[in-house]
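Peer 1: Quick one: this structure, given as C-alpha cells, is what I'll be asking you about.
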Amino acid sequence: MALQFIDTIAGAGDTAKAGGDKINANTVALARRTGRPAPVHCVFDGDSKFAEIKTGLQWLVCFEGLDVGLAGGELGVGGSNSGTGPGNLLSPARLTTAQELLSAHSAAGHIVDYYLTIGTNDTSAGMLPATTPANIRKFHEQYLRPQSCVRYLILVSVDPRGPGPVASASQIHTINRLYDEYALANPFDVLFIDTTGVLLDPALANVNGYPIPFDKTAVPMPVGAVTDDGLHCSNHGAYLKRFAAMPLRDLYRRKPGRSLSRALVAAGPKGTGANMVGADGRIVAVTGANTLTNGGTGAVTGLPPAGSTLAGAIDGTLGVAFSASTTMIGTDGGLIPKGAWPSVRATFSGTSGANTSGLRFTWTAFPDATIKPGDVVTAGALMNFNALSGLLGLDVRANNPGAVGGLQLGGNAVGAVSPLAQAIVSPLNGPLLMEGEDLPAISAQDAFFLTLGVYLPPNTAISGSVDLLAIFAERIGPIPPPTP
C-alpha cells in the first residue's frame, strides 16, 4: 500500500474525514512495512560513491549476523548530481529505471530500504546547498513513497573531500545538516547516516575538513588513507563505513537459527539432511595439504584445516602459522553460543612482498543427493578474528558450472591508483558469519569445490590471527511429498 498525502489546499483540500481516512491508511501501511518478515532487501543508488555504503553494510551484516538481502539492487547514477539533466537523479530515464526496479520488488512482495548517496557533484556544479535536499524531496515524495515496497529512504551523508576549495567543507556540512533535518521531519520513512566521523581527519591543522590523511591530497595515498584519490573511498575507507552504518543494525533482525546451524554442523562428507560439508564440517584438525607458494623469507608452519588444500602466494617477510586452537566465547546471545569452540587458527606476522595475494582453502563438497536444476545452493563460513590488521578481503564460494553461490567481502586485489590504501589497517575482532545468497542451480551436479579465500595486500605489515570454525554449503531441494 502506497502512502497517501493529505491535501490541505484551502477550498480544494481533503475533508476532515478524508484526511483521517488517509492517516489511518498510512498507519496501516507503515505497520505492514515495519512488520514484514526479513530479509529486507537493500537498493543502493547515487553518484560514483554509491556502492561504498553497501560495502560497509556488508561488513556490518556479517559481523552482526543480520538477515539482509544485498544481492543486486545497485542502481548508481554514476558521477552525476541530483538534478534533471541526462544521467542525473531526476532525469526521466533514471526515474523509469528506478520505478521498474521497485515495481519488481513490489510484485515479489519484498520490503526495500533505499540507500541514496548523492550531493558531491552538486557542490562541484556550484548548486546551492538547499537545492540538493529539495531535489531529493521531490524524488522521495513523487517516486519512492508511491512504491508499496519502500520502507525507508536512507540518506547517506556527503563525504569530506580533499583537495578542494575552503568553501566546500562548509557547503558539505550545510547539505548534511539539511539531510539530517529532512530525516527528522520525516521520522516514519527517512533516516540519515553520517559517515563523516569515520573519514574526517581530526588533526588540528585540518582547517579545510579533508579526509584522512588531510595533508596528503595527491595519489597514490599511503597505508591508512580512507580514500584512493581524496574523494572516492579506498577499500579501507569503505570498510570503515561499517561503523557509520552501526546505528542501522536495529533495523534488521538477526539471521534465523538455520544459518547458525549450518555453520556449526558436525558431519562428514555426504552429511545428513541437505548439508554439504568438507571433511569434519567443523574446522578442528590441521591435517590438510599445503601447496601455498612462499617466495619470501617468512616461515609457513603447521598444516591447513583437515580435508582442505591450501593454495595462494605470499612473499616478503610474511609468515603464517596454522595450529589447532580453541575459540573462547564468554557470553551468550552473540553470533556463536557461549563456550570453548575447537577451531584452526591462522596467525600472521611480518610484511608482505610485491607478489603476495593471500590464502585460498579448497574442499571437495558432496551433497546428500544430486543437485538438480532449481535446487537452491548456498555457501558460507564461520570465523573469529583476533586483532587481525592488514586484511584485504574475504570470499566464500561453492563452485561448479551451473551451481555457484557465495559472498565476497572487501577486495580480492589492489588497484593501480593507491594500492597501499587498500589494506584494512583497523584491527578486526570478534566472530563473523559469511553466508551467500541462496541461488538456484541451472544444471545437475554431483559435487563441487567449496572455497574460502583470505586475500592479503602486497607490501603491507600484517599481524593478528583468524580462527576458522566452520565451512559449509547447502542444497535445498523441494519439500518431499508426504508418505502415504
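The values are calculated or read from the model by the stated rules, or taken from the named source; none is laboratory data. Note that this is a predicted model, so its numbers are computed, not measured. Every residue, glycine as well, gets a Cβ built from its backbone with ideal geometry; the counts of neighbours run over all protein chains shown. Note: areas computed on protein heavy atoms with side chains; ligands, DNA, RNA excluded. Shrake-Rupley method; radii C 1.70, N 1.55, O 1.52, S 1.80 Å.
Peer 1: Just give me the residues in the range 408-421 being open to solvent by less than 20 Å² (accessible area, probe 1.4 Å) and more than 22 Å from Leu66 (Cβ to Cβ), in sequence order.
Peer 2: Ser418, Ala421, listed by residue number.
Peer 1: Would you check if Gly430 is touching a helix residue (DSSP H, G or I) at 6+ places or on another chain (Cβ under 8 Å), in contact (Cβ under 8 Å) with a residue 12 or more places away in the chain, of a type outside the set (A, V, I, L, M, F, W, C) and closer than 29 Å to Val223 by Cβ?
Peer 2: Yes: the conditions hold for Gly430.
Peer 1: Of the residues in the range 442-484, how many are in contact (Cβ under 8 Å) with a residue 40 or more places away in the chain, among the polar types (S, T, N, Q) and over 20 Å from Val425 (Cβ atoms)?
Peer 2: Here the count works out to 3.
Peer 1: Looking at (1) outside any strand (DSSP E or B); (2) at pLDDT 95 or above, which one does Gly79 not meet, given that it meets all the others?
Peer 2: Unmet for Gly79, out of (1) outside any strand (DSSP E or B); (2) at pLDDT 95 or above: (2).
Peer 1: Take Asp446 and tell me if it is open to solvent by 20 Å² or more (accessible area, probe 1.4 Å), of a type in the set (Asp, Glu) and farther than 26 Å from Val68 by Cα.
Peer 2: So Asp446 passes the test.
Peer 1: Look at the range 72-103 and say how many of its residues are more than 20 Å from Lys54 (Cα to Cα) and among the β-branched types (Val, Ile, Thr).
Peer 2: Total meeting the criteria: 2.
Peer 1: Hey, another quick one. Report, by residue number, each residue of the range 91-144 that is under 24 Å from the mean Cα position of the chain (by Cα), modelled with pLDDT under 90 and of a type in the set (A, V, I, L, M).
Peer 2: Within the range 91-144, Ala108 is the sole residue that qualifies.
Peer 1: I've got another one for you. Would you confirm, using the coordinates I've provided, whether Asp159 is in a loop (DSSP other than H, G, I, E, B), among the acidic types (Asp, Glu), buried (at least 24 other Cβ atoms within 10 Å of the Cβ) and in contact (Cβ under 8 Å) with a residue 24 or more places away in the chain?
Peer 2: Taking the combined requirement at face value, the residue satisfies it.
Peer 1: Kindly provide the set of residues from the range 379-407 that are under 29 Å from Glu474 (Cβ atoms), open to solvent by 20 Å² or more (accessible area, probe 1.4 Å) and modelled with pLDDT of 95 or more, ordered by number.
Peer 2: Asn386
Peer 1: Cβ-Cβ below 6 Å, separation at least six or inter-chain, first residue in the range 187-205 and among the aliphatic types (A, V, I, L, M), second assigned to a loop (DSSP other than H, G, I, E, B): which pairs?
Peer 2: What qualifies is Leu199/Asp159; Leu199/Pro160; Leu199/Val226; Leu200/Pro160; Ala203/Phe214.
Peer 1: With the range 409-481 as the region, which strands (runs of 3 or more DSSP E) entirely inside it contain at least 2 residues that are under 17 Å from the mean Cα position of the chain (by Cα)?
Peer 2: Counting at least 2 such residues, we get 428-435, 448-455.
Peer 1: Which one of these is farther than 16 Å from Asn384 by Cα, at pLDDT 95 or above and crowded, with 19+ Cβ neighbours inside 10 Å: Gly307, Gly312, Gly302?
Peer 2: After ruling out the rest, the residue left standing is Gly312.
Peer 1: Answer yes or no as to whether Gly350 is at pLDDT 95 or above, under 19 Å from Ser234 (Cα atoms) and open to solvent by 10 Å² or more (accessible area, probe 1.4 Å).
Peer 2: Spelling it out, it is not the case that Gly350 is at pLDDT 95 or above, under 19 Å from Ser234 (Cα atoms) and open to solvent by 10 Å² or more (accessible area, probe 1.4 Å).
Each row is one residue, and each column tells you yes or no for (1) closer than 30 Å to Gln147 by Cβ; (2) open to solvent by 20 Å² or more (accessible area, probe 1.4 Å); (3) outside any helix (DSSP H, G or I).
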residue: Phe188; (1), (2), (3): yes, yes, yes
residue: Leu191; (1), (2), (3): yes, yes, yes
residue: Val198; (1), (2), (3): no, yes, no
residue: Pro202; (1), (2), (3): no, yes, yes
residue: Pro213; (1), (2), (3): no, yes, yes
residue: Ala218; (1), (2), (3): no, yes, yes
residue: Met221; (1), (2), (3): no, no, yes
residue: Ala238; (1), (2), (3): yes, no, no
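Peer 1: Ala263 is checked against (1) among the aliphatic types (A, V, I, L, M); (2) open to solvent by 20 Å² or more (accessible area, probe 1.4 Å); (3) out of contact with any Pro (no Cβ under 8 Å at 6 or more places or on another chain); (4) at pLDDT below 90 and fails just one. What number does that condition carry?
Peer 2: (2)
Peer 1: Also, quick follow-up: Which condition from (1) touching a strand residue (DSSP E or B) at 6+ places or on another chain (Cβ under 7 Å); (2) closer than 23 Å to Pro211 by Cβ; (3) at pLDDT below 95 is the one that Ser157 breaks?
Peer 2: All conditions are met except number (3).
Peer 1: I'd like the full set of residues that are modelled with pLDDT of 70 or more and exposed (fewer than 15 other Cβ atoms within 10 Å of the Cβ), limited to the range 14-55.
Peer 2: Across the range 14-55, the qualifying residues are Thr15, Ala16, Lys17, Ala18, Gly20, Asp21, Ile23, Asn24, Ala25.
Listed here are the residues, each with its yes/no results for (1) among the charged types (D, E, K, R); (2) touching a residue at least 60 places away in the same chain (Cβ under 8 Å); (3) assigned to a strand (DSSP E or B); (4) open to solvent by 30 Å² or more (accessible area, probe 1.4 Å).
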residue: Phe322; (1), (2), (3), (4): no, no, yes, no
residue: Thr326; (1), (2), (3), (4): no, no, yes, yes
residue: Leu335; (1), (2), (3), (4): no, yes, no, no
residue: Val344; (1), (2), (3), (4): no, yes, yes, no
residue: Ala354; (1), (2), (3), (4): no, yes, no, yes
residue: Asp368; (1), (2), (3), (4): yes, yes, no, yes
residue: Pro373; (1), (2), (3), (4): no, yes, no, yes
residue: Val377; (1), (2), (3), (4): no, yes, yes, no
